[in-house]
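Here's the structure, in structure tokens; my notes come after.
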Amino acid sequence: MNTRHLLAGAIWMQGLLVSAQIDTLQSQSLDDVTVTARQGGTLRMSGAENGIKIGQTELFKAACCNLGESFTTNPSVDVNYSDATTGAKQIKLLGLSGTYVQMLTENLPNFRGAASPYALDYVPGTWMNSIQVSKGASSVKNGHESITGQIDVEYLKPDAEQGMSVNLYGNTLSRFEANAEGNVHLDSHLSTELLLHYQDDWGHHDENDDSFLDQPNVRQWNLQNRWKWKGERYLFHGGLSLLKEKRDGGQTHHTAPSNHHRYTIGVETDRYEGYMKHAFILNAEHGTNIALMGNASLHKVDAHYGNKTYQVDEKTAYAQLMFETNFTEEHNLSAGFSFNYDYLTKDDQESTPGIYAQYTFNFHNKLVAMAGLRTDHSNRHGTFVTPRFHLKYTPADFLTLRLSAGKGYRTVHALAENTYLLASGRTLLIDDLQQEQAWNYGISSAFYIPLWGKTLKLNAEYYHTHFHQQAIIDYDSDPTLLRITNLQGRSYSNTFQLDASYPLMEGLELMAAYRLNDVKTTYDGRLMQKPLTSRYKGLVTLSYKTPLELWQFDVTLQLNGGGRMPHHFETMDDGRLTTDSHTSFHAYQQLNAQVTRWFRHFSIYIGGENLTGFRQRQTIIDAETPWSSTFDPTLVWAPVHGAMGYIGIRWNINRL
């Protein structure tokens, strides 16, 4: 069956070779963006918040099979495997895990709780129109959960140019993908769109010969149908999606255990989701409108990790009623009501109604001040207040300064958000966890410096995150115990980043960045560096497009700094792990490259990832005894596989 999939994909490829939201809200979002690169590439937000918009031009610089693989050329966002067996990935922003980043799809909170471990694989790359990444405490409009920032995914739009696109992809790690999207304009007001995705990872790769698959075999079906109706005074946007995924990992089929049956991991997921947005335009001249929007999802997981089982049938719902108006060109007011509901089990459910107001003063885009305040009431945590403030000042055309401060809160669903910990043989203990609370402060500066007839774009920023309450995973106290407990002491993150881009010549652009992370948390009464977190990151990208835009060449080099391993473990020079009290891992490099050839109706891309070949030699502790209390696949700090090559084709039908 799997061989037929591969042959069919190869034959197909060979043959081929011979609105952000509804328009009102979308226009508001686009007003906060100014083009600083080629259209569709990376755009820097010009509003009060510090962030960027990653367009399709930037996404096409790499294979970008899904959301988790979309940040290869981005210096701010890191994506790492959480462990060596389940394939779960985790975003890191401002040195902290992705649980502190609010995930949005077209301005609606999404992928919460049980969906979060594999959420980065649920958004196919070819479905995305853009990604907006904002840093620090974000707007209060979307809730109280953003602590280190927001990532908002914009899908392709039903009312875009009519046509159909097909994308096929295959790599040397036995992965095949097929994607298709198409839209139809039924009349001048109504349009619809269908998005399709199929993924099959069928290889049994074990590069380090520890008898465990380096990554699970994954088969995923993903479907989404979207509709849009646009009138003069009313706009509607809505859709339905369904996803089915099966993950199989653990010991390889060729393993012959001596004392026990084969250790396997299986995760089956069914997800159903729907969303809708209604906008009523009251006064177009003043941008006065009322919007009602919401989404709901059913997320069912049936999983086993060795002899441990995990089942959940999560139900989430979100609704927001928003009023917005511009009193004058300088003064804007947004106010609204929101309601969020999460149900995981009878003992783990939460309903949170809230109200908010946000005022923005904009003086000719030179001085922008945005102040927001919201109050929420949780049936689990009571009433709490979320203040946020952003300031942007542009004293000259070549300089922009930004300040931000704000608080964030988060309810912890410890097991649902960290199911990969069940793969460990260590005993997992979860305390009665409090609501997480943190303040985030940021300062940034952007310079546009004329240099040799071109513009050097230079950005420097510093962010500090300070936790009052936090749920921490204690790896250090006992090598046979994993404990998720409340913070007792201090916990903070300091990040400093410097990045610059410069067009060396027509079509050739260089970008370089460096980020320093200082992330410390109190474990067992001791303030220590957070384990498995790199202390620094360097990034250099080089992109060249020929004058006729027929060829494109992209190269990305990453330097990932060393960091601390949990106590009792250290990393040797060859990447193996040993038991010791002195604990650290060293720096490593990764090189990615891609060549794209553009034709009138299609493009072909060939590339490779991790071409330096570096991988963590030993990703699992005591792999030979997976049923013991010392077995642990969660201490992952580097790639789990070596160099990988890929090839793909993007084919546009009726889109000239």
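Summarise the long-distance tail of P(r) for region 593-656 by giving the % of C-alpha pairs beyond 19 Å.
Result for the distance tail: 57 percent.
Beta carbons within 10 angstrom, averaged per residue: use that to sort the peptides 183-194, 643-654, highest first.
The densest-packed peptide leads the list: 643-654, 183-194.
If I take all pairs of Cα atoms in region 77-178, what percentage of them are more than 22 Å from each other?
Everything past 22 Å amounts to 39 percent.
When DSSP assigns beta bridges and you keep just the ones with both residues in the chain, what percent turn out antiparallel, to the nearest 5?
95
Based on the Cα atoms of the chain, what semi-axes does the equivalent ellipsoid have, where each is the square root of 5 times one gyration tensor eigenvalue, given in whole Å with the largest first?
36, 30, 26
Using just the helices of the chain, give the 222 nm mean residue ellipticity in deg cm²/dmol: DSSP H runs with n ≥ 4 each add -39,500 (n - 2.57), and the total is spread over all residues, rounded to 500.
-1500 deg cm²/dmol
Taking H placed 1.01 Å from N in the peptide plane, check which residues at least 5 places from Ser491 or on another chain put their amide H under 5 Å from its amide H.
Amide H neighbours of Ser491: Phe467.
Residues of the chain: accessible area per residue at 1.4 Å, in Å²?
Spelled out: the 1.4 Å probe surface of the chain, per residue, equals 40 Å².
Picking from Ala335, Phe389, Thr316, whose Cα lies most toward the positive end of the charge dipole for region 306-393 (charges on Cβ: Lys, Arg +1; Asp, Glu -1)?
Farthest towards the positive pole: Phe389.
Please tell me the relative contact order of region 185-324 in percent, rounded to the nearest whole number, where contacts are Cα pairs under 8 Å and at least six residues apart.
In percent, rounded to a whole number, it is 17.
Once the piece of chain linking Thr427 and Ile653 is laid out straight, how much longer is it, given 0.36 nm per residue of separation minus the C-alpha distance between them?
75.9 nm
Among 122-132, 513-523, 439-449, what's the highest-first ranking by average C-beta atoms within 10 angstrom per residue?
Result, highest mean first: 122-132, 513-523, 439-449.
For region 136-164 and region 593-642, write down the distance between their C-alpha centroids in whole Å.
28
Just the Kirkwood number for region 323-394, please: inverse of mean 1/r across all distinct Cα pairs, in Å, one decimal.
Kirkwood radius, region 323-394: 14.1 Å.
Cα atoms only, region 118-180: Rg and Dmax in Å?
15.9, 44
Convert each backbone phi in region 51-63 into a coupling constant with the Karplus relation 6.51 cos²θ - 1.76 cosθ + 1.60 (shift: θ = phi - 60°), then list the ³J(HN,Hα) values in order as whole Hz, x for Gly and Pro.
Per-residue couplings from phi come out as x, 9, 10, 9, x, 5, 4, 6, 5, 6, 6, 9, 4 Hz.
What fraction of the Cα pairs in region 361-411, stated in percent, has a spacing above 17 angstrom?
Within region 361-411, distances greater than 17 Å cover 50 percent of Cα pairs.
At a threshold of 8 angstrom on Cα-Cα distance, excluding pairs fewer than six apart, so keeping six or more, what relative contact order does region 448-590 reach in percent?
17
Relative to the present Cα-Cα distance, how much length would full extension add between Thr328 and Lys244 at 0.36 nm per residue of separation?
Contour length minus the Cα-Cα distance gives 25.4 nm.
Mind giving me the nanometre distance, one decimal, between the label points for Ala460 and Trp221, set 7 Å out from Cα along Cα→Cβ?
So the two model labels end up 5.5 nm from each other.
Where the convex hull is taken over the Cα atoms of region 461-601, what is its projected area averaged over directions, in nm²?
That works out to 12.3 nm², a quarter of the Cα hull's surface.
Karplus couplings for region 430-435 from phi (6.51 cos²θ - 1.76 cosθ + 1.60, θ = phi - 60°), rounded to Hz, Gly and Pro as x?
Rounded to whole hertz, the list is 10, 7, 6, 8, 8, 5.
Rg (Å, one decimal) plus Dmax (Å, integer) for the alpha carbons of region 288-436?
Radius of gyration, then largest Cα-Cα span, for region 288-436: 20.9, 64 Å.
Given a 1.4 angstrom probe, I'd like the percentage of the accessible area of the chain that is carbon and sulfur, rounded to a whole number.
Ligands and nucleic acids excluded, carbon and sulfur give 59 percent.
Residues with beta-carbon under 13 Å from that of Thr309, excluding Thr309: net charge, scoring Lys, Arg +1 and Asp, Glu -1?
-1
May I ask for the distance between the Cα centers of region 281-326 and region 508-541, given as a whole number of Å?
About 32 Å separates the Cα centre of region 281-326 from the one of region 508-541.
Return, ordered by residue number, the residues of region 143-171 whose backbone nitrogen is under 18 Å from a label point located 7 Å along Cα→Cβ of His185.
156-165
Round to the nearest 0.05 the FRET efficiency obtained for Phe280 and Gln349 when R0 = 35 Å and r is the Cβ-Cβ distance.
0.60
Normalising by the residue count of region 262-380, find the relative contact order in percent from Cα pairs under 8 Å and 6+ residues apart.
RCO, region 262-380: 18 percent.
Provide the FRET efficiency to the nearest 0.05 for the Phe496-His468 pair, computing r from the beta carbons and using R0 = 35 Å.
0.95
The values are calculated or read from the model by the stated rules, or taken from the named source; none is laboratory data. Nothing here was measured: the structure is a model prediction, and the numbers come from that model. Every residue, glycine as well, gets a Cβ built from its backbone with ideal geometry; the counts of neighbours run over all protein chains shown. When the accessible area is computed, the model is the full protein with side chains, heavy atoms only, and any ligands, DNA or RNA have been set aside. Shrake-Rupley method; radii C 1.70, N 1.55, O 1.52, S 1.80 Å.
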